[in-house]
Each structure stands twice: as structure tokens, then as C-alpha cells.
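For reference, the structure is listed below as C-alpha cells.
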Amino acid sequence: MMSNIRSDRSSVPSCQRRGATTNGRRPWFGLLGAWTSVFLGGCALTQLQAPAISLVSVELADVQLTEQQFKARLHAQNPNDRPLPIKSASCTLQVEGIEVGQGKSAAPFTVPALGEADFDLIVKTNFATSVPDLLLRVLQRGQLPEYHLSGWVNPDIALLPPIPFSKSGQITIPSQ
């Protein structure tokens, strides 16, 4: 005995066919629209320009045989029309192409909209390993050494990735 099963699609309500809802739209369209809004909103935030970072001063904080700590004061200029809250910053310091230290921010800070702020990084070095090469390069050049400071500031703004910075210059000796 064979059963009489209809394969006519018209007997299945349209809301039960292939994931359609009762109003005829698929449920993932709403989810796709929501993610598109979040993504486009995040893109608007990523239009922020990187702050200009410059080295203000370096102070010796602690000296040990295998490690030295310096407090490097940096100056940030915010070119954006909104405040830039920074939860952390990190950097690498090179002198004459030799990495002499790495640093991290001491505390979170905010750079005001179209404004400026100073912040401190604790830079750890090991002169025992870097000084011999560094001294040789400085003596060969016969002039004051050049530095390169590069790193990242990590904004405290959702969906905004870390902002890179880079600054190079010549180390100057202040006149008395």
C-alpha cells in the first residue's frame, strides 16, 4: 500500500520555506544590517589621526648592574576634534640604530581635543649589552648620536586599534 504524499510546495506555508519569516524577509538580514551599522560606526572612529609624539626629557630613575630605568617624558599633540583617551603606550628607543631600551606608560592619560598633553614612559635598558656597539658607532660618526623612538598608543575607545608613532632626531646636549 502506497501512501499518497504530495510534493507540491504550495501546501507548505511560505513562512516555513528556506528560513523565511512571516513577513517574507530572512532573519539574517536584520543581523547583517546590525553588524553593518556597527562596522560603519567603527570606521568613522578609525578616521582619527595619529597624535604627534615628541621626546621632552629623560631622567635616570634607577640604576642596577643588569638594568637601568629611565623616565622618558613625551609630549602628545592631538590633531583631532575629539579627546583621545589613552589606556597605555609602549615604545622602543634606538640610538645610532642600536636598540637601547623599551618602555611602557606609567598610567592612562587623555589628550584633549585639538590639545596637548605630556605623559611618562618607564624605559628599561641594559647598557652592559648595548654600550660597546653604541660607543663605537658614536666615535666613528664624530657627531652627536641620532635617536629613533617608535611605538604605539592604545586608545581607550571601542573598536579603535592601536595608533603607531615614530620620531627621529639628534640627541642634543643642553647648554649651561
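The values are calculated or read from the model by the stated rules, or taken from the named source; none is laboratory data. In this text, all values refer to a predicted model and were calculated from it rather than measured experimentally. Positions of Cβ are generated from backbone atoms using ideal geometry, with glycine treated the same way; all protein chains shown enter the neighbour counts.
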_Among the residues that make up region 100-115, is at least one of them surrounded by 17 or more Cβ atoms within 10 Å (Cβ to Cβ), in contact with a helix residue (DSSP H, G or I) (Cβ under 6 Å, 6 or more places away or on another chain) and more than 22 Å from Q77 (Cβ to Cβ)?_
yes
Restricting region 55-85 to residues that are within 17 Å of S130 (Cα to Cα) and of a type in the set (S, T, N, Q), the one surrounded by the most Cβ atoms within 10 Å (Cβ to Cβ) turns out to be Q68
Within region 134-146, residues under 17 Å from V58 (Cα atoms) and in contact (Cβ under 8 Å) with a residue 40 or more places away in the chain come out as P145, E146
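Restrict the check to region 130-141 and report whether at least one residue is modelled with pLDDT of 85 or more and farther than 20 Å from Q77 by Cα.
Looking only at region 130-141, we keep the residues that are modelled with pLDDT of 85 or more, and these are none.
Within region 130-141, none of the residues are modelled with pLDDT of 85 or more and farther than 20 Å from Q77 by Cα.
Could you list, in sequence order, all residues of region 120-143 that are among the basic types (K, R) and exposed (fewer than 13 other Cβ atoms within 10 Å of the Cβ)? Steps first, please.
Looking only at region 120-143, we keep the residues that are among the basic types (K, R), and these are 124, 137, 141.
Of everything in region 120-143, just one residue is among the basic types (K, R) and exposed (fewer than 13 other Cβ atoms within 10 Å of the Cβ), namely R141.
In the set L159, L149, which member is out of contact with any His (no Cβ under 7 Å at 6 or more places or on another chain), buried (at least 17 other Cβ atoms within 10 Å of the Cβ), in contact (Cβ under 8 Å) with a residue 60 or more places away in the chain and farther than 14 Å from A50 by Cα?
L149 is the lone residue from the list that is out of contact with any His (no Cβ under 7 Å at 6 or more places or on another chain), buried (at least 17 other Cβ atoms within 10 Å of the Cβ), in contact (Cβ under 8 Å) with a residue 60 or more places away in the chain and farther than 14 Å from A50 by Cα.
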